[in-house]
Amino acid sequence: MCGIVGVVGRVDAAPRLLEALRRLEYRGYDSAGIATLVNGHIERRRAEGKLINLEHVLDRHALPGTTGIGHTRWATHGAPTERNAHPHGTTRVSVVHNGIIENHAELRAELEAEGVVFETETDTETVARLLDHHLAAGATPEGATSATLKRLNGAFGLAMIFAGHGRKMIAARRGSPLAVGYGEEEMFVGSDALALAPLTRRIAYMEEGDWAVVTDSGAQFFDAEDRKVERAVKLTAFSGAAVGKGNYRHFMEKELHEHPVVLGDTLRQYIDPSSRAAVLPELPFDPAVVPRLTLSACGSAYLAAQVGRYWFEQIARIPVDSDIASELRYREPVVPKGGAAVMVSQSGETADTLAALRLLKQLGQKVLSVVNVDESSMARESDGKVLTVAGPEIGVASTKAFTAQLAVLACLALGFGRARGVLSAEDEARLTAALLEVPAHAAALLENGEDIQDLAREVVQARDVLFLGRGSLYPIALEGALKLKELSYIHAEGYAAGEMKHGPIALIDPAVPVIALCPSGPLFEKTASNLQEAAARGGRIMVFTDAIGAPSLRRFAERVVVLPTVDPFVAPILHAIPVQLLAYHVAVLKGTDVDQPRNLAKAVTVE
Ligand code: M6R
């Protein structure tokens, strides 16, 4: 995804656009650019790579003008070069875009046939050229926008400025989120409220298909049929301070240390500490009778859903299917009448998860989303939502949002178990008590992280790493591998420990560290014996366990990291933190870009 921002104001736009782009850089960092209106003419500055490069360009070639648009890019169509960097446009119009214009090839061919010459390989340039075509024929900015939007297929958040229209910007949204911010005699547009946080907290969210004419005195909204509509202005909870790094080196480090607070805040929403009962939010289906749940998500959120699957089956005895959203949407899933779906997402904007959500709704499923960003597309399109209380997560790697997702799924599983009459009040009280202790255990774990740093010094030397886990810790092994790959670019695989001898054990040699999640509990002996099989073949075993499991594992493991002893039910939440920490420390040792790993973006709003 890309980040877009716009300002119509009375002071220089470029510094404010740059500041907002800093807050949007997590959305993409392949290139960046700004365009402003200077004496009625469009001027722009662009640079390949990170925002800092654009800052240097602006230092050398200042950009005046009080109306402008800015963009930070995650490349889809066309290489991440300066030429393909947004804004795109002509002398009449300049455009920034987040999303994909699916019919760009057809539009390009049509315009080229009329003699239009394109400068870039981007899909976005077709929007600029179409607008220009209508403007050249005498259309107003509003007329050109209306006509152009009707030709576009795909997903977009757009912000546009027009030569000769000094205090005007037009924004449009289909598929990609867009917020309009209200200031004092100035107005803003941004991909999210976070970007606008230091500028204003008064936000109107554009709805699907909306477009808006934004001037320094307000905004007029139109729906997809060009009818004037009203969009409510709300006060966002975000403040400028919420999105700083504080005293931490990286956002990820800060976010790792927020685990105890985030887990506490999230659990407090869904557990009544006095009755020790899970408190279910309003649900769009009756968990007592729902015949099947379909869980779906992408990346780490999918791994949280996988843990959820274990919990819903074990605790609530509900039949569950879970699938990666990009697979589910093309798998032609068979879902039961009266069934329900649970989608999991930090951003609420991941294109594949959103598409799977829409498909499941079409198939008659009631959809509940576990989502961190209220007002996101998923939150708004679902039949019901359960919010994680993780706050803004800026580091590209999901950390606190992931454990908050686990916390919510755990509470849902308990509530569903009670609703179905398969979880006694006693067991519910025991399990909620275990959950409520997790924030304190997380804090203890974060305070005593030296063992994990030592482990990182071993892992950083490896070319390949295996992560093993069993039961609900198997998805956490996958999460460990995903985090390590994503942050340190070291190849890692996660396996179910019992699956080792069906193939992966052939990989075992002293150069491949085997990192196992093996706390005490019903699956301890089984996992430990799988590890011994690997150790017997020369494998270097490194384990996360607890004080009960540690003595027997020390007999053959090269390193044993002892975590707090917890009920096996909550072990996935607690074990997620050290595998994230490990990946963080390895990345720091390797010197990779922790908050903005190569080729990635925080939310993937394209297919
Ligand atoms: O915003 P979402 O939770 O829907 O994002 C899903 C994945 O893209 C995300 O979890 C990704 O895998 C993370 N970068 C992993 O750390």
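The values are calculated or read from the model by the stated rules, or taken from the named source; none is laboratory data. Every value quoted in this text rests on a predicted model; they were computed, and no experiment measured them. Cβ atoms come from the backbone with ideal geometry, glycine included; neighbour counts cover every protein chain shown.
Brief remarks on what is shown
- Neighbours by Cβ (under 6 Å, 6+ apart or cross-chain): first from region 375-392, in contact (Cβ under 8 Å) with a residue 60 or more places away in the chain; second among the hydroxyl-bearing types (Ser, Thr, Tyr) and more than 14 Å from the ligand (Cβ to nearest atom): Glu375/Tyr205; Thr388/Thr266; Val389/Thr266
- Flag if Leu37 is modelled with pLDDT of 95 or more, surrounded by fewer than 24 Cβ atoms within 10 Å (Cβ to Cβ) and among the aliphatic types (A, V, I, L, M): no
- Test: Leu130 is free of Cβ contacts under 8 Å to residues at least 40 places away in the same chain, closer than 30 Å to Glu110 by Cβ and surrounded by 20 or more Cβ atoms within 10 Å (Cβ to Cβ): yes
- Criterion applied to Ala204, Ala237 was being surrounded by 15 or more Cβ atoms within 10 Å (Cβ to Cβ) and of a type in the set (Gly, Ala, Ser), and the one residue passing it is Ala204.
- In region 575-588, the residues that are closer than 16 Å to Pro260 by Cβ reach residues that are of a type in the set (Gly, Ala, Ser) and surrounded by fewer than 24 Cβ atoms within 10 Å (Cβ to Cβ) with C-beta atoms within less than 8 angstrom, at least six apart or across chains, in these pairs: Leu581/Gly449.
- In the condition set (1) surrounded by 22 or more Cβ atoms within 10 Å (Cβ to Cβ); (2) touching a Lys or Arg at 6+ places or on another chain (Cβ under 9 Å); (3) at pLDDT 95 or above, Leu581 is compliant with all but (2).
- Residue identified as within 16 Å of the ligand (Cβ to nearest atom), buried (at least 23 other Cβ atoms within 10 Å of the Cβ) and not in a strand (DSSP E or B) among Ser296, Ser347: Ser347
- In region 351-383, of all residues being touching a strand residue (DSSP E or B) at 6+ places or on another chain (Cβ under 9 Å), among the small types (Gly, Ala, Ser) and surrounded by fewer than 24 Cβ atoms within 10 Å (Cβ to Cβ), the one that is modelled with the highest pLDDT corresponds to Ala379.
- Tally, over region 263-290, of residues that are of a type in the set (A, V, I, L, M, F, W, C), under 22 Å from Gly384 (Cβ atoms) and buried (at least 21 other Cβ atoms within 10 Å of the Cβ): 4
- Exactly one residue out of Thr81, Thr91 is of a type in the set (Ser, Thr, Tyr) and modelled with pLDDT under 95: that is Thr81.
- Any hit, region 267-275, residues being of a type in the set (Val, Ile, Thr) and in contact with a Pro (Cβ under 9 Å, 6 or more places away or on another chain): no
- Residue in region 317-334 that is away from the ligand (no atom under 16 Å from the Cβ), in contact with a Phe, Trp or Tyr (Cβ under 8 Å, 6 or more places away or on another chain), β-branched (Val, Ile, Thr) and touching a residue at least 40 places away in the same chain (Cβ under 8 Å) present: yes
- Check on Ala172, part of a loop (DSSP other than H, G, I, E, B), aliphatic (A, V, I, L, M) and touching an Asp or Glu at 6+ places or on another chain (Cβ under 9 Å): no
- Count - residues of region 386-426 that are farther than 27 Å from Lys483 by Cα and in a helix (DSSP H, G or I): 8
- A single entry from Gly78, Gly65 fulfils the requirement of being touching a Leu at 6+ places or on another chain (Cβ under 7 Å) and outside any strand (DSSP E or B): Gly65.
- Within region 554-607, if we keep just the residues that are more than 15 Å from Ala442 (Cβ to Cβ) and acidic (Asp, Glu), the residue that is farthest from the ligand (Cβ to nearest atom) turns out to be Glu558.
- Here Thr605 meets each of (1) among the polar types (S, T, N, Q); (2) more than 22 Å from the chain's Cα centre (by Cα); (3) surrounded by 23 or more Cβ atoms within 10 Å (Cβ to Cβ) with one exception, condition (2).
- Which listed residue, of Arg249, Arg276, is closer than 30 Å to Ala340 by Cα and charged (D, E, K, R): Arg276
- Restricting attention to region 352-385 and to residues that are part of a strand (DSSP E or B) and more than 14 Å from the ligand (Cβ to nearest atom), the residue that is nearest to Arg329 (Cα to Cα) turns out to be Val367.
- Among the residues of this structure, Leu446 does not count as one that is buried (at least 24 other Cβ atoms within 10 Å of the Cβ), more than 14 Å from the ligand (Cβ to nearest atom) and aliphatic (A, V, I, L, M).
- Any hit, region 427-439, residues being part of a helix (DSSP H, G or I), more than 30 Å from the chain's Cα centre (by Cα), surrounded by fewer than 19 Cβ atoms within 10 Å (Cβ to Cβ) and in contact (Cβ under 8 Å) with a residue 40 or more places away in the chain: yes
Per-residue answers, yes or no, for (1) within 26 Å of the chain's Cα centre (by Cα); (2) buried (at least 24 other Cβ atoms within 10 Å of the Cβ):
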residue	(1), (2)
Ala75	yes, no
Ala85	yes, yes
Glu121	no, no
Ala163	no, no
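- Criterion: under 19 Å from Val562 (Cα atoms) and of a type outside the set (A, V, I, L, M) - qualifying residue of Pro510, Pro522: Pro522
- Thr353 being in contact (Cβ under 8 Å) with a residue 40 or more places away in the chain, within 21 Å of Phe312 (Cβ to Cβ) and among the β-branched types (Val, Ile, Thr): yes
- Identity of the residue in region 94-106, assigned to a strand (DSSP E or B) and closer than 10 Å to Val127 by Cα, that ends up modelled with the lowest pLDDT: Ile101
- From Asp30, Asp12, Asp59, residue being surrounded by fewer than 24 Cβ atoms within 10 Å (Cβ to Cβ), over 22 Å from Val594 (Cβ atoms) and touching a Gly at 6+ places or on another chain (Cβ under 8 Å): Asp12
- In region 492-517, residue modelled with the lowest pLDDT [restricted to those that are closer than 18 Å to Leu303 by Cα and of a type outside the set (Asp, Glu)]: Ala497
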